[in-house]
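Here the structure comes first, spelled out in structure tokens, and everything after it is commentary.
The values are calculated or read from the model by the stated rules, or taken from the named source; none is laboratory data. Since this is a predicted model, take the numbers as computed values, not measurements. Every residue, glycine among them, receives a Cβ derived from its backbone with ideal geometry; neighbour counts consider all protein chains shown. Just the protein is used for accessible areas: all its heavy atoms, side chains included, with ligands, DNA and RNA removed. Shrake-Rupley method; radii C 1.70, N 1.55, O 1.52, S 1.80 Å.
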Amino acid sequence: MINTPSEPPAPPVVPSGGSLDKLKDHIGAAARADRAAALDAWLTTIFPGHLPGVSLVAVGGLGRRDCAPYSDLDLVLLHNGTAGIDRIASGLWYPIWDARLGLDHSVRTLPEALSVAHDDVKVALGLLDARHVAGDAALSGELIAAASDQWRRTAVRLMPQLKELTTARWASHGELAFLLEGDLKEAAGGLRDVTILRGIGRAGVADTMRPAVRAANLRLLDTRDALHLAVGRRVDRLVAQERAAVAELLEIDDGDALLRRVAGDARTVAHAVDDAWRAVDRVTAGRRRGGPGSPTRRPVARDVVEQDGELVLARTAIGPVPDPSLSLRVAAAAATVRLPIARATSEWLAAFSPPLPNPWPPAARAALVSLLGSGPGLLPAWETCDRYGLIDAWLPEWARMRSLPQHHPIHRFTLDRHLVQAAYEATAYTREVERPDLLLIGSFLHDVGKGLPGDHSVVGAPIAGEIAARIGLPPADVATIEKLVLLHLLLPDVATRRDLSDPVTISTVAAQVGDTATLDLLHALARADSHATGPAAWSDWKGRLMAELVSRVHTALDTGELPEPPTPDPELLEGDLPAVHLDDDRVAVAAADRRGLLGAVAACLAMHRLDVVGANASTVDGRAIVEFFTQPRYGSPYDPVALAADLRRVAAGDVSVTQRVRARAMSARGGTASPRVVWQRDAATDAAVLELRAADSPGLLYRVATALDEAGAEMRAARISTLGGDVVDAFYLVGSWAEQAERDRVGAAVLAAV
């Protein structure tokens, strides 16, 4: 008799509101077990009675009894060929869907389930968590036992497929330990990797679920519980705006402390996964050789040999008094040949390496430079050394920077990873500078002042100098490192916020930099820093502006003379007006000189869903010329023919386009922090620079340019700089602007427009 109640009981739910204490009751292992028990009971009530040869099996989080507050249900309806199984399945799935629960389901016979698991490693792993919920318990037991036995027999064959899937997931989601907004489940070191560890352990390849891993897993599960409760729905990505609420639910001091705890747990899981894959590789390599044999040893560097795909110490390296540079030399060798350091070797180095003297011996300094310049091998070798405490022994300052959050939204990594990533990115530019070693060290140290009170460039310069002296650089090189750290933001800031055709801009930068060798180092460092920061910190237009600035400063430093301003596009200086040029991400318009052209063109671009990331405005021989660098909003395509037609109408003085966009732009004002206006009166030859620092929004440039025009301010140039959700826009206003009252009046007009 099939039991199909017309009104199935309501499923267990988690309160979407309530007091903080009540929400805390739904976090932790006990709460997860209670949720699993409640869901089991509810599924039993909607299961269609007792049917021989039919059972309901839970996999995934419910199978493990660690389901989060808003997790999906992963269920298998198992049968032995029962007639009408489709109708039985519908009677089971529809109440779950009606209850608005996420559901991942399948209907299979025992042979079908085992056949799919035989070839699909994801299914095979899932069945390792299988647990009987309702129906024929004997049938469920057969599946659970057979799936476990089949995994032990076939796991080694499936490991290459599992590793390929895991590597692809890591490439897509990044490393949880270093991300400011990582996915607790899918990122490397996250909960999905704990499932991998359990699978490798169940295959008998290695002991993967050690106490530290179990503890890290429980804390990550608690964090996901709190995240679900804070947001009120299923979400696995711990974004910045939710960190404070999640920390409060977990009774952690603040969002930064939460991020550090997550980073530590993710590191623990990631390290365990690395060890597990090495064990898998040894097993598979042994099978290819036909069984265990004498391990092969191959010299790699002084005191370092390769043994079975790992680096170990040569027998001659282990003496009564080890060389203080040994750990650095091992790390450099590992990064250079891109092989892991054996666990036992890492532990020995951590226990017995003597402290480095002050200053370091040349061998240690050379090894550090080799390590920083090793390219792709740097990141895994550095992380291994950090895991065993070697980095702290080299650089005592590292403990303060480890897992330190960076709060600007353009950053994707914690500070420690950002510094290592910057050194990695700098390897692309080592052939462009006279001192590649100083570029690598400067890139690695450029942000050491972050996390301390004050401007991190100013605070960090003497700290970087102390480190440079400690590692044994001569005084002249120490001074260069300090200058690199102090000025590492100079080129990107000036390139994106100042008029590069103004002699004051070039002479100011030349005076600060001092010589061409330092200029080249700063240019390489700025690019490495931008790429290490994240996609929002770099664009082609920014690269072109920096290259133009560097070229002009080079000329000034080489010859002592300021270069001539760049010549505008000849086609914009000649021929009929208006003239419009569209070229990939560049839009240029020339028109008879008149006020308001920049704002009108900006309005037209906003109407065509193009975001402005950079702009120049100038007047040449009575012609107003504006040049914009743009990108499609949210990747939306635009019609270049329609855009060109509207631009010509705008340039000819047709106001209908700006009237159409005015209401839309004025309604787009936004941002949480208050905007600021800053006047720079010594930054230009014949103008004062008004800097606007505000949240970005559609139509912002149009609103500000219109406000300046209506306030009677004559603008000869504009530079637009967008960093993530913020802008720093610089407007060159002709005149001295010495009167405070006039500056206040125009500044107030700009702020009102924002």
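One table, with the values for the structure above:
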read-out	value
By average C-beta atoms within 10 angstrom, highest first, the peptides 159-167, 737-745	159-167, 737-745
J(HN,Hα) series, region 336-353, from Karplus relation 6.51 cos²θ - 1.76 cosθ + 1.60, nearest Hz, glycine and proline x	5, 8, 6, 10, x, 7, 4, 4, 5, 5, 4, 5, 5, 4, 5, 8, 10, 5
Translational diffusion coefficient (Stokes-Einstein; Kirkwood radius from C-alpha pairs) of region 367-479 at 25 °C, 0.890 mPa s, in µm²/s	169 µm²/s
Using θ = phi - 60° and Karplus 6.51 cos²θ - 1.76 cosθ + 1.60, couplings along region 101-110 (whole Hz; Gly, Pro as x)	9, x, 9, 10, 9, 8, 10, 8, 7, 4
Cα gyration tensor shape of region 386-427, rounded if a/c is under 1.5, else prolate or oblate by comparing a/b with b/c	oblate
Cα-based Rg of region 284-429 normalised by 2.2 N^0.38 Å, two decimals	1.14
Kirkwood-based shape ratio for region 668-754, expressed as Rg/Rh from alpha carbons	0.94
Of every Cα-Cα pair in region 679-720, the percent that sits beyond 14 Å	55 percent
Nitroxide proxy distance, nm - points 7 Å out along Cα→Cβ at D558 and D253	5.3 nm
Gyration tensor (alpha-carbon) shape descriptor, region 578-620, a/c threshold 1.5	prolate
Acute angle (nearest 10 degrees) that the helix 415-426 long axis makes with the longest principal axis of the chain, alpha-carbon atoms	70 degrees
Structure-based [θ]222 nm, the chain - -39500 (n - 2.57) summed over DSSP H runs of at least 4, per residue, nearest 500	-16500 deg cm²/dmol
Percentage relative contact order, the chain, counting C-alpha pairs under 8 Å, at least six apart	7 percent
Carbon and sulfur %, accessible surface of the chain computed with the full protein complex present, 1.4 Å	53 percent
Cross-link table K185/K542; K450/K483; K22/K122; K24/K122; K22/K450, entries beyond 28 Å C-alpha to C-alpha	K185/K542; K22/K122; K24/K122; K22/K450
All-pairs alpha carbon distance profile, region 177-294, 10 Å steps from 0, percent	14, 41, 25, 13, 6, 2
Cα-Cα pairs of region 427-474 separated by more than 19 Å (percent)	32 percent
C-alpha long axis of helix 211-231 to longest principal axis of the chain, angle in °	60 degrees
Equivalent ellipsoid semi-axes - Cα gyration tensor, region 452-523, angstrom	25, 15, 8
Among 50-58, 451-459, the order from most to least packed when residues are scored by Cβ within 10 Å on average	50-58, 451-459
Placed amide H near A683: partners under 5 Å, 5+ positions off or other chain	V689
Cut-off under 5 Å, modelled amide H: who pairs with L73 long-range	G102, L103, D104
Theoretical gain in end-to-end length, D686 to D569 [0.36 nm per residue, Cα-Cα removed]	39.8 nm
Sequence-distant residues sharing a close amide H with T109 (under 5 Å, placed H)	H79
Derived scalar couplings ³J(HN,Hα) [region 685-702; Karplus, 6.51 cos²θ - 1.76 cosθ + 1.60; whole Hz; x for Gly, Pro]	6, 10, 7, 9, 9, 9, 9, 9, 10, 7, 6, 6, 7, x, x, 4, 4, 4
Label point distance in nm, Q307-D455, each placed 7 Å from Cα along Cα→Cβ	5.4 nm
Length added when fully stretched, V734-D639, from 0.36 nm per residue minus Cα-Cα	30.6 nm
Debye intensity ratio I(q)/I(0), log10, region 476-600, q values 0.19, 0.20 Å⁻¹ (C-alpha model)	-1.09, -1.15
Rounded to 5, percent antiparallel among DSSP beta bridges of the chain	85 percent
Rounded to 10°, Cα long-axis angle of helix 191-202 versus longest principal axis of the chain	40 degrees
Computed log₁₀ I(q)/I(0) - Debye formula, equal Cα scatterers, no solvent, region 208-251, q 0.16 Å⁻¹	-0.43
P(r) of region 81-195 over all Cα-Cα pairs, binned every 10 Å from zero, in whole percent	12, 32, 33, 21, 3, 0
Cα-based shape type of the chain, given that a ≥ b ≥ c are square roots of the gyration tensor eigenvalues and the cut on a/c is 1.5	oblate
Descending semi-axes in Å of region 135-239, equivalent ellipsoid built from Cα gyration tensor	28, 19, 13
Potential lengthening between T154 and R210 on full extension [0.36 nm per residue; Cα-Cα distance subtracted]	17.8 nm
Descending Cα extents along the principal axes, region 96-140, whole Å	34, 24, 17
Sequence-separation-based contact order of region 97-191, relative, with Cα cut under 8 Å and 6+ spacing, percent	18 percent
Order by protection proxy (mean Cβ within 10 Å, highest first), peptides 414-422, 675-683	414-422, 675-683
Region 608-644-region 303-346 distance, computed between alpha-carbon centres (Å)	56 Å
